[in-house]
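Novice: Mind looking over this structure? Questions follow.
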Amino acid sequence: MTLRDIPFTTMDGSTATLADYEGKVVMIVNVASKCGLTPQYETLEELQRTYEDQGFTVLGFPCNQFAFQEPGNNEAIQEFCSTTYGVTFPLMDKVKVNGRSAHPLYAELTKTTDADGKAGKVKWNFEKFVLTPDDQVFRFRPTTLPNDPSVIAAVESALPAIK
């Protein structure tokens with residue numbers, strides 16, 4: 001099974017995989033509504049609107065594993081994201097990203113090294129993984145903003161519409 005074959009659940013209860021986003025650049029982010037980094041939703045949405053017509057999408061995976069910063073149910077999360085930050089990118093069902101009960105997608109993603117060559121556990125909410133159409137994965141830690149030049153470079157260099 002490849003990274004693209006691992007099933008996950010969308011907020012509406014459907015099953016999806018990264019294969020559903022074949023040919024796109026996908027930014028996978030564990031998100032939370034009550035975190036000091038929550039304002040990153042705004043920049044994630046800006047990226048979504050800027051690049052979606054060029055073959056890009058953000059996928060938000062709510063996570064309550066860090067200091068209970070995502071306590072709501074799917075409806076509450078969706079409402080918060082849309083009314084507070086105007087989020088239009090897809091949000092998935094809540095997941096765990098670390099430990100024995102980590103979602104299989106995150107169990108695979110955390111094998112990816114960051115800019116310092118370190119793999120392993122997700123450090124906090126808003127850790128970002130950029131998956132390119134040729135299955136290359138780039139990892140950016142939570143405090144690296146979604147519009148950081150290194151993130152933008154990873155996204156833009158892999159966009160199918162501007163290659």
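Novice: I'd like the residue in the stretch 143-156 that is polar (S, T, N, Q) and either free of Cβ contacts under 8 Å to residues at least 12 places away in the same chain or closer than 16 Å to VAL58 by Cβ (or both) and, out of all such residues, is surrounded by the most Cβ atoms within 10 Å (Cβ to Cβ).
Specialist: THR144
Novice: Follow-up question, since we're still on this one. Among the aliphatic types (A, V, I, L, M) and within 13 Å of the chain's Cα centre (by Cα), is that true of LEU145?
Specialist: So LEU145 fits the description; yes.
Novice: Can you go through LYS94, LYS111, LYS118 and tell me which one is over 15 Å from the mean Cα position of the chain (by Cα), modelled with pLDDT of 95 or more and either closer than 26 Å to ALA19 by Cα or acidic (Asp, Glu) (or both)? Walk me through it before giving the result.
Specialist: Numbers: LYS94 fails: over 15 Å from the mean Cα position of the chain (by Cα); LYS118 fails: either closer than 26 Å to ALA19 by Cα or acidic (Asp, Glu) (or both).
Residue meeting the stated conditions: LYS111.
Novice: Here's something else I'd like to know. Could you tell me whether any residue of the stretch 125-142 is out of contact with any Phe, Trp or Tyr (no Cβ under 7 Å at 6 or more places or on another chain) and without any contact (Cβ under 8 Å) to a residue 12 or more places away in the chain?
Specialist: No - not one qualifying residue is present in the stretch 125-142.
Novice: Quick check, is THR57 part of a loop (DSSP other than H, G, I, E, B), under 17 Å from PHE138 (Cβ atoms), of a type in the set (S, T, N, Q) and touching a strand residue (DSSP E or B) at 6+ places or on another chain (Cβ under 9 Å)? Please lay out each step first, then the result.
Specialist: Values: part of a loop (DSSP other than H, G, I, E, B): no; under 17 Å from PHE138 (Cβ atoms): yes; of a type in the set (S, T, N, Q): yes; touching a strand residue (DSSP E or B) at 6+ places or on another chain (Cβ under 9 Å): yes.
Against the criterion (part of a loop (DSSP other than H, G, I, E, B), under 17 Å from PHE138 (Cβ atoms), of a type in the set (S, T, N, Q) and touching a strand residue (DSSP E or B) at 6+ places or on another chain (Cβ under 9 Å)), THR57 does not qualify.
Novice: Next up: From the list LYS121, LYS96, LYS24, pick out the single residue that is under 24 Å from MET1 (Cα atoms), in contact (Cβ under 8 Å) with a residue 12 or more places away in the chain and in contact with a Pro (Cβ under 7 Å, 6 or more places away or on another chain).
Specialist: LYS24
Novice: On the basis of being within 20 Å of ASP135 (Cα to Cα), surrounded by 13 or more Cβ atoms within 10 Å (Cβ to Cβ), free of Cβ contacts under 8 Å to residues at least 12 places away in the same chain and out of contact with any Gly (no Cβ under 8 Å at 6 or more places or on another chain), does ALA107 make the cut?
Specialist: Judged against the criteria, ALA107 is a match.
Novice: Go through the stretch 1-24 and give me each residue that's over 23 Å from PRO160 (Cα atoms) and of a type in the set (Gly, Ala, Ser).
Specialist: Of everything in the stretch 1-24, those that are over 23 Å from PRO160 (Cα atoms) and of a type in the set (Gly, Ala, Ser) turn out to be GLY13, SER14.
The values are calculated or read from the model by the stated rules, or taken from the named source; none is laboratory data. Note that the structure is predicted; figures quoted are calculated from it, not measured. Methodologically, a virtual Cβ is constructed for each residue, glycine included, from the backbone with ideal geometry; neighbour enumeration extends over all protein chains shown.
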